[in-house]
Amino acid sequence: MTTRRVFLRNSALAMVGVGSAPLWLQRALYGAPGTRKKILVAIFQRGAADGLNIVVPHGEKAYYDLRPTIAIPRPGGGEQAALDLDGFFGLHPALARLEPLFSQRHLAIVDAVGSPDPTRSHFDAQDYMESGTPGLKATTDGWMNRALSKAEKESPLRAISLGTVLPRTLRGAQPAVAVQSLEDFRISNAQAAPELEQLYLSASDPALQSTGRETFQALAMLQALQKQAYQPAAGADYPRGRFGDSLRQIAQLIKADVGMELAFADVAGWDHHVNESARLANLLRDYGQGLAAFWTDLGDRMEDIILVTMSEFGRTAHENGNRGTDHGHANCMFVMGGAVRGGKVYGRWPGLQREQLYENRDLALATDFRDVLAELVARHLGNRRTETVFPGFAPKFLGLV
Amino acid sequence: MCYRALAVLVCVSAFAGNGVPFQKEIPKDERIKQALNRFTFGPRPGDAEHVQSMGLKKWIDWQLHPSRIAENPVLEAKLNGLGSLSMSSREIAQNYPAGRMAARELAAAKLLRAIYSNRQLEEVLTDFWFNHFNVYLEKGADRYLVTAYERDAIRPHVLGKFRDLLEATAKSPAMLFYLDNWQSVGDAMERGRPARRGLNENYGRELLELHTLGVDGGYTQKDVTEVARCFTGWTIRQPRLGGEFVFNGRAHDRGEKRVLGVKILAGGGIEDGEKVLDLVARQPATAHFISRKLAMRFVADDPPAVLVGRMAQTFLKSDGDLRAVLKTMIDSKEFWSVGAYRTKMKSPLEFVASAVRSMNGDVDEALALNNQVAQMGEPLFRKQEPTGYSNSGTEWMNSAGLVARMNFALSLANNHVPGVKVATDAGAGITLGAPEFQRH
């Protein structure tokens, strides 16, 4: 049955196809203010970020014994020292811009969190964290795709990844699009576009047909948005580079009310086996600046938004002698948003004494990453069917939202 | 209960690739297209007729022996203009200290070879094996080292013995630098106590996980550490000047090691690492892992397990003869089946090269093509992670990629790609951007 809403949208899209539908019409179709959807933004730090130098357990003596050259000094020890959070944990000094968000309780941290699977393979661990089924390789779709509730008809832009490929976590039965850059997401030759669209819509190849259909729907919607240059809110100072660009464009999509519910971006380069200190600080500076800019840019809209970060596993508790660290186990996650009960480091702390370490070398796991994500899916996105999103797993909510 | 569910899933996936499509042969006249699609960077006008007149069997045999193929003089002339290609790493470090020009020439050469070489299978395999033993050009000294790596470690061995290819990569400054082994130093006794000096297990892990056994190949964390100990002292003389592989006995851990249950006696030197290579290159898990990856590239994203099994048998019987493994694949009915034919999504490199080849384009300057391949998600020599790019075509199925492909097709056909000349043909823009052309 074609409802009036669907009919209206289809005719609107036909108009957008020739580049004339005003943005207000799309807004009316995909969610006006007041009926705003909750939005979840997931950030993946690829390469296994060193959680112990990001959320520094400065109250733990063993931390300093294990890392004689790369440990972050205790708070109060100068510019290179950790920024105290709660008397036991501190932030890496390059994350100074996140400190106010933590103290104003918009940012929560979960520590000693990760995947229960013992793998130290980047590839497998990322795969498990994206599929949401640690240890199970046969899963074909990702947890973010499963988190999208099946709806009669939804925005073609309900799930977006910023980048050249669609990540594992967004693949699956529900439509999801990858966009490298909002400005360049267009067919350069307007005459050829309808002909190509027709070829994709009538393709006998099912995967190319559905990806093609999603692509042309997304092209139509974004065309209107491209007409206006994006101006972030005052004080929103995104870092230069791909990570900052991704966050800025996610903010742009949110403000344009295109019906986006899930967004994904990744940032690579966290695999620091050698000379970790300078490289980690550089990455963290962009990471902290990016998250802070995103918060400032979205302002009140952050009431509807939660941003969560993850990395496939942590790194060895001891440094490796090349002033770096090797592949470890548990890590930390950041959760930021208006509805987040922030200002707290969540999760049990397992300790860093030798007998407390996982396999005598890594921070042990106290919290499953799915506990965090399932709570966000259920309490923030309102999708209570967590058993579908994380099959075979009974989550214990931490009370983050 | 949980285990049963797991077992069922494993069974289903094990049989998934053995369905009817891989039993059903493609018609005779499509066999030439299948060979050209999989063993070249896409057919040029006239290629099918050429193979037809030569005979398909003979053409394949010819491609399997690239040294017998006279190279295209047009390609040779174009490569002659790229001076860094024949330089040693030290010369590159001297002549191009910023590394940018050498990197540009390296990527240009890869595109030019893909588009022009008569030794197409060798190019396809060089791309495959470089990606298998991936290194990242932007990591420090690797900007000087990758040219020689592709030329001297990868290309000469792509149809040779796996053990030789493995050792060439293990001893290459490019790999030693990329996976940090050059800095790995064995623990030693200091004042009567074992002192932790600088073991780095990065290479040891990726050797087992990505280069040989595969992540499910049955090794443990202990094996990773033991392998890393065996390779201590495998380092580089003056890496930042583009220096060579050298074994430094003082950095080597001379203690006893045990790898995959095999004891490596105390007191060894460079041979400890060589013994590890001997051991892992001949494991059944390695035979299976390599065979499956080749079948993923050449047959289907989820290749039939029985075919992979036969290829692995050949691998073990022939002591890792990569030409023999490919022959087993080529002689299989699965390769010539409906399940394989035109079912692979082209990678960005395959798409761009095949589009230029299909239009008989003349490439004067490959920079714009290189940028296009990067735009589509496959920056050449710039995959940061040691996994390399996926061999599954599904990886490339997404809206960002499709938009970039359609735009490239339209500008190529209208002669708007800088450095590339084609006979303008607006219709070709639609053909190359259409769903049909995305698969091979």
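No value in this document is a laboratory result; all are computed from the given coordinates. Please read all numbers here as calculations on a predicted model, not as lab measurements. Please note: Cβ atoms are built from the backbone with ideal geometry, for glycine as well, and neighbour counts cover all protein chains shown.
Would you list B:R38, B:R229 from fewest to most Cβ contacts within 10 Å?
The fewest-first ordering by Cβ neighbours comes to B:R38, B:R229.
I need the GluC sites (Glu not before Pro) found in the stretch B:297-397, filtered to DSSP loop residues with at most 16 other beta carbons within 10 Å of theirs.
Answer in residue order: B:E365.
Counting Lys and Arg as +1 and Asp and Glu as -1, each charge on the Cβ, what is the dipole of the stretch A:237-294 about the Cα centre in debye, to the nearest 20?
Computed about the Cα centre, the dipole is about 180 debye.
So what are chain B's ellipsoid semi-axes, whole angstrom, largest first, if each one is the square root of 5 times an eigenvalue of the alpha-carbon gyration tensor?
Square roots of five times the eigenvalues give 38, 28, 19 Å.
Could you name the lysines in cross-link range of A:K61, using Cα to Cα under 25 Å and dropping any fewer than eight places away on the same chain?
The reachable lysines, counting only those whose Cα sits under 25 Å from A:K61, are A:K344.
Go through the stretch B:41-139 and name the GluC sites (Glu not before Pro) that are in a DSSP coil and have 15 or fewer other Cβ atoms within 10 Å of their Cβ.
Of the GluC sites (Glu not before Pro), the ones in loops of the stretch B:41-139 whose Cβ has at most 15 other Cβ atoms within 10 Å are B:E71, B:E138.
Counting alpha carbon pairs within less than 8 Å and at least 6 residues apart, what relative contact order, in whole percent, applies to chain B?
Computed value for chain B: 19 percent relative contact order.
If you build a Gaussian network model of chain A, linking Cα atoms that sit under 10 Å apart, which residue out of A:S115, A:S210, A:S181 swings the most?
Judging by the Gaussian network model, the answer is A:S210.
Over chain A, what is the relative contact order in percent, taking alpha-carbon pairs closer than 8 angstrom and at least six residues apart?
Relative CO of chain A lands at 28 percent.
With an 8 Å cut-off on Cα pairs and a minimum separation of 6 or more residues, tell me the relative contact order of the stretch B:236-385 in percent.
That works out to 12 percent.
Can you run phi through the Karplus equation (6.51, -1.76, 1.60; θ = phi - 60°) for the stretch B:253-261 and list ³J(HN,Hα) in whole Hz, with x for Gly and Pro?
These are the phi-based 3J(HN,Hα) values: 7, 8, x, 6, 10, 9, 10, 6, x Hz.
Report, in degrees rounded to the nearest 10, the 0 to 90 angle that the Cα long axis of helix A:122-131 makes with the longest principal axis of chain A.
Roughly 50 degrees, rounded to the nearest 10.
Quick one: which residues, 5+ away or cross-chain, put their amide H under 5 Å from the amide H of B:E244? H built at 1.01 Å from N.
Long-range HN contacts for B:E244: B:R237.
Could you point to the residue in A:P156, A:A125, A:L166 farthest towards the positive end of the stretch A:117-167's charge dipole, with +1 and -1 charges on the Cβ of Lys/Arg and Asp/Glu respectively?
A:P156
Just how large is the dipole of the stretch A:307-401 about the Cα centre, in debye to the nearest 20, putting +1 at every Lys and Arg Cβ and -1 at every Asp and Glu Cβ?
The calculated dipole for the stretch A:307-401 is roughly 380 debye.
Note the angle between two axes, namely the Cα long axis of helix A:192-201 and the longest principal axis of the Cα atoms of chain A, as a number of degrees from 0 to 90, rounded to the nearest 10.
80 degrees
Which one of B:A374, B:L56, B:P435 is farthest out on the positive end of the charge dipole of chain B, using unit charges on Cβ (Lys, Arg +1; Asp, Glu -1) and the Cα centre as origin?
The residue sitting farthest along the positive end of the dipole is B:L56.
Report the charge-dipole magnitude of chain A in Debye, nearest 20, computed about the Cα centre from +1 at each Lys and Arg Cβ and -1 at each Asp and Glu Cβ.
1040 debye
Let me check the size of the stretch A:314-382 from its C-alpha atoms; what are the radius of gyration and Dmax in Å?
Expressed in Å, the Cα Rg and Dmax of the stretch A:314-382 come to 14.9, 47.
Cα axis of helix A:276-298 to longest principal axis of chain A: angle in degrees, 0 to 90, nearest 10?
Between the helix axis and the principal axis of chain A, the angle is about 40 degrees.
GNM on chain A, C-alpha springs below 10 Å: top fluctuator among A:E99, A:E130, A:E154?
Largest GNM mean-square fluctuation: A:E154.
Could you tell me which of B:A77, B:A413, B:G267 has its Cα farthest along the dipole of chain B towards the positive end, charges placed at Cβ (Lys, Arg +1; Asp, Glu -1), taken about the Cα centre?
After comparing all options, I get B:G267.
Just to confirm the filter: which trypsin sites (Lys or Arg not before Pro) across the stretch A:210-303 are DSSP coil and have at most 16 other Cβ within 10 angstrom of their Cβ?
A:K227, A:R240
Just tell me which lysines come within less than 20 Å, Cα to Cα, of B:K257; anything on the same chain fewer than 8 places away is out.
Candidates past the 8-residue exclusion: B:K222, B:K275.
Can you run phi through the Karplus equation (6.51, -1.76, 1.60; θ = phi - 60°) for the stretch A:36-48 and list ³J(HN,Hα) in whole Hz, with x for Gly and Pro?
Those phi angles translate into 4, 7, 6, 10, 10, 10, 10, 10, 10, 8, 7, x, 6 Hz.
Can you pull the percent of Cα pairs in chain A with separation above 40 Å?
Every Cα pair in chain A considered, those over 40 Å come to 18 percent.
What base-10 log of the normalised intensity I(q)/I(0) is obtained for the protein assembly as shown from the Debye formula, alpha carbons as equal point scatterers, at q = 0.07, 0.11 Å⁻¹?
Values, matching the q order: -0.55, -1.45.
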